[in-house]
Amino acid sequence: MAPRTTTAPARPSADALLGLFPPGTTAPDGTLRIGGCSVTELAERHGTPALLIDEAALRARARRYVDGLAARRPNATVSFASKAFPCTAVYRLLAEEGLGVDVASGGELALALAGGTDPAELIVHGNAKTDAYLRAAVEAGAGLVVIDNFDDIDRLERILAGTPGREQGVLVRVTPDVRPDTHEAISTGQRGAKFGLLPPEARAAIDRLRGSDRLRLDGLHVHIGSQILDTEPFVRAVAAVAELGEFDVYDLGGGLGARYTYADHPPSVEDYLDTLTSAAAGLLPDRARVIIEPGRSLVAEAGVSLYRVVTVKRADGETFVAVDGGMGDNLEVSLYGQRFEAAVATRVGGGSEPHGGELCRLVGRHCESGDVLSAGVFLDDPRPGDLIAVPATGAYTYSLANNYNAARRPPVVFCSDGRSRPVVRRETYADLMRRDLP
């Protein structure tokens, strides 16, 4: 499937631009302030590229989920889909806000525990869980393990065989054969997906688990994909799991899309919760616990990537603006065509006037033609040394950051009330060589 937004919109106003940044972002003198911090001062203190997180915005988003779900369905909980941003400081912040966590690897499990996540509120995912991963989850006291295949059952029963009297709560992941309108790479609920079990196989897994003396079948899990901008597919997914019978727990996954561009208009958190809880009220037992797993929609809007322009090149009618980051810190563009907007962070403009004049190709410093941050974005008179801000980068940029061209991964900086603090430092060249053996 093609990316949702492939062409640049008409010149946006400054107000429209600020609408893509974390709530509360201002530009009183034309210079962006994230969490009350001037981007100029942030660049001087922390360098570029850097991933800035508006801490208050992230906390507010978490509260919208937790409070909104509690108001709509008392026996319901929110679990952070941590693959979107597996950072110890983020785990810690969301634990403080009362969220559980779902993990998809041994590394995410270790980070979640280090961040203070209550083990009982852990949900353990993965389509290829190793013995070591499952053993670590069991030893940590993880509340739920999601059964993705019959090998998961075999492994868990073998691991638990040596612990008399111990049982493990599990959910069966159902593949509902629902294909939402999103990129193929992040669509997970359709027939042929590598995740979960189609209803006939799910019924067989349910029957087997009901006969297990080590695994306690608590319920079902479903997740149909990511960056979904329509609520209707979620209703079909709930209907699919409802057909498999009554259980104590239904984990309805995540998938709500984030607003990356001027053209994106995802449902609000409240509309999303209304859809899920209404579907649950009509299709699932009233007594059942409902879990949701927001990831991208929880953390994306709180993040801003800050870069420094290195080169501006005008050739064949096109303007290339090259910055000191790129696909090493934002792989989403080249991986599945996600579009991002951007702005010269010190010349935002004011009022309702257009904020910038020149249509540019914003590119990175890596040795790939595909190293593009935005294929067509209006920038106001870009020059070497300018700061460029890219909004809505709180989801997956950190997760997918890499060392291509031996680049050093950037720091993560929390901003709040005009103060900033790094929670992940910038990598050093020594870090790049730390695993080398003589």
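Where a number appears in this text, it was derived from the coordinates with a stated rule and is not lab data. For clarity, every value in this text was computed on a predicted model and none was experimentally measured. All Cβ positions, even for glycine, are placed from backbone atoms using ideal geometry, and neighbour counts span all protein chains on display.
List of remarks:
- Highest-fluctuation residue, Pro294, Pro384, Pro119 considered, GNM on the chain with Cα pairs under 10 Å: Pro384
- Taking the helices alone, the chain has a mean residue ellipticity at 222 nm of -8000 deg cm²/dmol, built from -39,500 (n - 2.57) per DSSP H run of at least 4 residues and averaged over all its residues.
- Relative contact order computed over the range 48-114 (Cα-Cα under 8 Å; 6+ residues apart), in percent: 31
- Across the alpha-carbon set of the range 62-124, the Rg to Rh ratio works out to 0.97, Rh being the Kirkwood radius.
- Applying 1/(1 + (r/R0)^6) with r as the Cβ-Cβ distance of Glu184 and Glu44 and R0 = 45 angstrom yields a FRET efficiency of 0.60.
- Rg to Rh quotient for the chain, alpha carbon positions, Kirkwood Rh: 0.99
- Hydrodynamic estimate: the Kirkwood radius of the range 122-189 over Cα pairs, inserted into Stokes-Einstein at 10 °C and 1.306 mPa s, corresponds to D of 120 µm²/s.
- Estimated D of the range 156-275 in µm² per second, where Rh is the Kirkwood radius over Cα pairs and Stokes-Einstein applies at 25 °C, 0.890 mPa s: 157
- Environment charge of Arg155, counting only residues whose C-beta is closer than 10 Å and scoring Lys/Arg +1, Asp/Glu -1: -2
- For the chain, a Gaussian network of Cα nodes joined below 10 Å ranks Arg45, Arg419, Arg314 by mean-square fluctuation, and the top entry is Arg314.
- Taking the empirical scaling 2.2 N^0.38 Å for compact globular proteins as reference, the range 238-362 has a Cα radius of gyration ratio of 1.54.
- Relative contact order %, the chain, counting alpha carbon pairs below 8 Å whose residues are six or more apart: 22
- D (Stokes-Einstein, µm²/s), Kirkwood Cα radius, the range 299-418, 0.890 mPa s at 25 °C: 167
- Plainly put, the range 284-338 has a radius of gyration that is 1.29 times its Kirkwood radius, both from alpha-carbon atoms, as the Rg/Rh ratio.
- Taking 7 Å steps out from each Cα toward its Cβ at Asp286 and Ala70 produces label points 2.2 nm apart.
- Pairs of Cα atoms in the range 210-308 fall into 5 Å distance bins, from 0 up to the last occupied one, in shares of 2, 12, 21, 20, 15, 11, 8, 5, 3, 2, 1, 0, 0 percent.
- The residues packed around Ala280, meaning those with a beta-carbon under 10 Å from its beta-carbon, carry a net charge of +1 if Lys and Arg are +1 and Asp and Glu are -1.
- Potential extension, Ser369-Arg434 segment - 0.36 nm per residue separation minus Cα distance: 20.4 nm
- All-pairs alpha carbon distance profile, the range 367-436, 10 Å steps from 0, percent: 13, 37, 38, 10, 1
- Cβ-defined net charge surrounding Val269, 13 Å radius [Lys, Arg +1; Asp, Glu -1]: +1
- Of all DSSP beta bridges in the chain, antiparallel share, percent nearest 5: 50
- The Cα atoms of the range 201-251 define a convex hull whose projected area, averaged across directions, is 4.1 nm².
- Of all stretches in the chain that contain no GluC sites (Glu not before Pro) in a DSSP loop with at most 14 other Cβ atoms within 10 Å, the longest one is 1-166.
- Placing one equal scatterer on every Cα of the range 1-115 and applying the Debye formula, the log10 ratio I(q)/I(0) at q = 0.12, 0.17, 0.21, 0.23 Å⁻¹ is -0.64, -1.06, -1.15, -1.19.
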